[in-house]
1. Extending each Cα 7 Å along its Cβ direction at Arg265 and Ala147, get the distance between those two points in nm, one decimal.
2. Distance between Cα centroids, the range 257-273 to the range 73-152: provide it in whole Å.
3. Taking neighbour Cβ counts within 10 Å as the exposure measure, how do Lys212, Lys95 sort from fewest upward?
4. Which order do Val78, Val114, Val142 fall in if you start with the one that has the fewest other Cβ atoms within 10 Å?
5. Using the Cα centre as the reference, give the magnitude of the dipole from point charges on the C-beta atoms of the range 93-201 (Lys, Arg: +1; Asp, Glu: -1; all else neutral), rounded to the nearest 20 debye.
6. Which order do Ile206, Ile96 fall in if you start with the one that has the fewest other Cβ atoms within 10 Å?
Amino acid sequence: MTPLMPAIGGSLVVAGMIGVAAGLRRVASPTPRPRRAGVGRRFALSRRTKLLLLAGLAAGLVLALLSGWLLAAVVVPVAAVGLPALLSASPAQDKITRLEAMEEWTRSLSGVLVAGAGLEQSLVATLRSTPEAIRPEVGRLVARVRARWSTEDAIRAFADDLDDATGDLIASNLILGTRRRGPGLTTVLESLAESVAADVRARRQIEADRAKPRTTARWVTIITVVVLGVLALTGSYVAPYRTAVGQLLLALLLGAYVAVLVWMRRMSRGVPLPRFIGAEAGSQPTR
């Protein structure tokens, strides 16, 4: 068995993992519809990821040539890209921040409506005090209202911009307000803001509980990477893994470890609530 075999075996293992991850992704609906800016690039590699991949590939090739570990040419670039993504903070905090912004904006809109302004004028008036987390979405809503869009169409587009089940709930109440034009919208928005606030408190508690196992896994992974790096360059403990069969076995073990990290991250991410407004509402799976 030539020394090239471990590298080929490791490449096949990594390619299989990448294929599984790609197969589990949700693909865009083939139905033609207007798309927001940036949606088509949702899964595109960022400039930072490309730089990490190139740097990891160069470092892996150098390490493979200097140490004789041909598996490093595959493991190092994959680790350079994958470990920061797997061990980074959960994106749930950004979602909580957006929920808080929706709550604050809903309260602000309710307060402006109490003063006796119409719905369209109230939407425009809230732009100045809108939180940064949803300012772009509210800005587009105001721009559509000023461009003489029908209020209902503008609010539906606003729900698509938010792309969130809570945003759909807010938008649906605003749509009912545009149809009925009664004084009850203020009370409904106040109650809705209280409901969103309770949701934010619950999600913060859940996220705090989920952060504990992620922190433990992060430290265990860092320690494991450091120990493997030291043992690979010094000592005879990992000498059996220098053989062709040993490097292939090591690739399988590392692949299993990464699969466990991916599995744990998916379990701690949670499932978003399905939307009920917009083009994607009927295509989202309910769980």
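We did not get these values from a lab; they are worked out from the coordinates using the rules stated. Fair warning: this is a prediction, and the values are worked out from it, not measured in the lab. As a convention, Cβ positions derive from the backbone with ideal geometry for all residues, glycine included, and neighbour counts pool all protein chains shown.
1. Reported label-point gap for Arg265 and Ala147 is 3.7 nm.
2. Using only Cα atoms to place each centre, the spacing works out to 26 Å.
3. Lys212, Lys95
4. Details: Val78 22, Val114 14, Val142 19.
So the ranking, lowest neighbour count to highest, is Val114, Val142, Val78.
5. Details: 14 positive and 17 negative charges, 104 e Å.
For this selection, approximately 500 debye.
6. Fewest-to-most ranking of Ile206, Ile96: Ile206, Ile96.
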